[in-house]
Amino acid sequence: MDQTPPSDRSPVTFFSLFWTFFVISAVTIGGSYAIVPVMASRLTRRGWMKEQDFYDQFALAQAVPGPTTLTTAVFVGQRLLAFPGAAAAFLGIMIPPVVSIMLVSLLYDAVAQNPIVQGFLAGSYGTVIGLVAALLVRMLRARKWRIQEVVLSLLCLAALLAFRGWALPIVIATVILVRLGALVWKS
């Protein structure tokens with residue numbers, strides 16, 4: 001699962017980092033879980049970081065409040081080029097959606113009922129589901145699972161499906177059980 005970056009690593013510069021995140025942000029539709037596999041692929045293909053290192057940054061970004069895609073990009077930029085890298089990643093990720101939202105707001109009434117636009121959006125929905133499923137499979141395969149963790153995860157999922165109104169207490173109880181289990185299972 002862990003891909004070693006190629007030996008012909010391309011140099012990381014402010015502009016190359018900005019442009020990489022700009023292109024990713026401009027062409028990927030579907031939010032954090034759709035964009036993350038694309039980010040991982042581009043960064044590992046350029047040889048800038050190992051896939052596992054990227055997913056470590058992604059996991060860290062999920063623990064911080066705020067948009068996961070933006071936080072992941074900033075963390076990766078920081079790791080690669082310190083503050084200038086964080087700034088390049090931030091600008092690269094943010095400019096395309098901000099410009100897109102401004103343009104869409106200006107053109108919305110003219111294109112909202114266009115069948116081509118509606119077809120594009122309907123097709124994008126299926127693509128997003130596929131990207132999210134691919135991310136889930138990749139993350140599940142990268143993790144070393146113990147039987148206790150599998151059982152606890154399945155029990156949590158079953159409880160969430162059975163008792164939808166109790167989602168917060170179920171998640172809190174699961175987190176507590178995971179923490180307690182981690183202490184017991186470590187030995």
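The values are calculated or read from the model by the stated rules, or taken from the named source; none is laboratory data. On a predicted model such as this, the values are computed, not experimentally measured, just so you know. FYI the Cβ positions are ideal-geometry reconstructions off the backbone, even for glycines, and counts take in every protein chain you see.
Quick notes on this structure:
- The condition of being under 22 Å from GLY130 (Cβ atoms), at pLDDT 85 or above and hydrophobic (A, V, I, L, M, F, W, C) holds for only one of ILE35, ILE101, ILE95, ILE29, that being ILE35.
- Among the residues of region 113-160, those that are over 19 Å from ILE35 (Cβ atoms) and of a type in the set (Lys, Arg) comprise ARG141, ARG143, LYS144, ARG146.
- Among the residues of region 153-166, those identified as at pLDDT 80 or above, assigned to a helix (DSSP H, G or I) and over 30 Å from SER41 (Cα atoms) are LEU155, CYS156, ALA158, ALA159, LEU160, LEU161, ALA162, GLY165, TRP166.
- Cross-chain or 6+ apart pairs with Cβ under 9 Å, region 106-118 first and free of Cβ contacts under 8 Å to residues at least 24 places away in the same chain and on the phi < 0 side of the Ramachandran plot, then of a type outside the set (Phe, Trp, Tyr) and outside any helix (DSSP H, G or I): GLN118/ALA112
- Selected residue (criterion: surrounded by the fewest Cβ atoms within 10 Å (Cβ to Cβ)) from residues of region 25-82 that are part of a helix (DSSP H, G or I) and aromatic (Phe, Trp, Tyr): TYR33
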